[in-house]
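Right, one structure below, let's go through it.
Just so it is clear, none of the values below were taken in a lab; they were calculated from the coordinates. No experiment lies behind these values; they were computed from the predicted model shown. Don't worry about glycine lacking a Cβ; one is built from the backbone with ideal geometry, like all the others, and counts go over all protein chains shown.
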Amino acid sequence: MKNLKFNPEEGKIILEKMDGQHPIHLDFQLTKLLDILLQNENELVVKQELVEYVWQDNKLVGQEALPKNIWRLRKIINENQLQDLIQIKTIPKRGYKLIKSYSPVIENPENSAKKMLSKQSIFLMVAILVIVFIIAAIGSIGEDHIYY
């Protein structure tokens, strides 16, 4: 079984397999491109939006920059046999759509801390409920025999 994690801060995809984790390093443009496609998963992202996000209004970007980088991203997907997890579909004359069949995707320190906090919160709530039930059970012992 395979799974992917994407860490945009470090510019890498982490492929998780039975034999461990395998990092796949991306350059800046590919990281930005994958980031915006993942943010808009299963939705059309028009070419102009992709160019503005990846190259941030750089006027020197040629017409072939976007298709070339889409090709490079697909090449990485194919070389690492990730087609069953992630695909980039071309929507002719409009843009691209990322289709993925796994989760989670984006990993960053904030998300990890939130997950840990939520697990701790759940544990704390369960512990409080157990204590409340124990106190209620102890308090109810002998109440059946008290007369006023």
Checklist entry - How many residues are part of a helix (DSSP H, G or I) and under 18 Å from the mean Cα position of the chain (by Cα) if we restrict to the range 77-91? => result 1
Checklist entry - In this structure, does Val45 turn out to be surrounded by 15 or more Cβ atoms within 10 Å (Cβ to Cβ), over 19 Å from the mean Cα position of the chain (by Cα) and without any contact (Cβ under 8 Å) to a residue 60 or more places away in the chain? => result no
Item to check | Residue among Gln21, Gln56, Gln63, Gln81 that alone is on the phi > 0 side of the Ramachandran plot, exposed (fewer than 11 other Cβ atoms within 10 Å of the Cβ), out of contact with any helix residue (DSSP H, G or I) (no Cβ under 9 Å at 6 or more places or on another chain) and not basic (Lys, Arg) | outcome: Gln81
Checklist entry - Where in the range 1-72 are there strands (runs of 3 or more DSSP E), lying fully within it, with 2 or more residues that are more than 23 Å from Ser101 (Cβ to Cβ) and out of contact with any Ser or Thr (no Cβ under 8 Å at 6 or more places or on another chain)? => result none
